[in-house]
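The values are calculated or read from the model by the stated rules, or taken from the named source; none is laboratory data. Everything quoted here is computed from the prediction, not taken from an experiment. Note that we place each Cβ from the backbone using ideal geometry, even for glycine, and neighbour counts take in every protein chain shown.
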Amino acid sequence: MKTIIAFLFLAILASSCSFAPLGIPVADTELTAVNTLGTICYGEVHEKAPLNFSSVRYEADALYSSGNSIGPTQRLDIVVYARASDPLPGVTLAVKCVLQAGADDKKISDKINLTSGVKKRISVGGNTLAGIVTHDKYWIGVSTTDAAFLSFPGTVKLSSGIIKAYF
């Protein structure tokens, strides 16, 4: 009987420790998109991960909408950052921008290419993001480079976002 109970306990434990990630939804964010020349613009996230994980990925649908531009393409390159501390303490804006990457700004992606009007699913993060999402609030931000010669600001909307945490 003890063997059967031990077997059932191990079976339940094994099924509960599957490799499926924990998913935490993230509110939609819309960021201004123009050549930021190194400036990183952040949106605040309040959905914290309750445990420490080995890897955390942020996934979202990214939709670039260009402003009016002069040049042959309407493409935007973005690099995604995360930070645990408020980029502009005491400032009450929905989007906060810092002029250049500092010690608190952690790069969590390589360059991602977006084309105006084309939705693209992005997935960024890893070990660095795993150390940030356990805070009560944290910030996800982007630095952008517009491919046009001259352009007016557009937007990047990040929707259907989710934080996936892996054990």
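Just a few scattered comments:
- Scanning segment 110-142 for residues that are under 20 Å from residue 27 (Cα atoms), of a type in the set (S, T, N, Q) and at pLDDT 85 or above yields a single hit, 123.
- Members of segment 72-90 found to be closer than 18 Å to residue 29 by Cα and free of Cβ contacts under 8 Å to residues at least 40 places away in the same chain, listed by number: 88
- The residue of segment 143-163 that is nearest to residue 48 (Cα to Cα), among those that are at pLDDT 85 or above and not polar (S, T, N, Q), is 162.
- Leading residue by the ranking (modelled with the highest pLDDT) among those in segment 36-75 that are within 12 Å of residue 165 (Cβ to Cβ) and in a strand (DSSP E or B): 59
- Strands (runs of 3 or more DSSP E) fully within segment 76-167 that include at least 1 residues being more than 18 Å from residue 35 (Cα to Cα) and within 17 Å of the chain's Cα centre (by Cα): 119-126, 138-146, 154-166.
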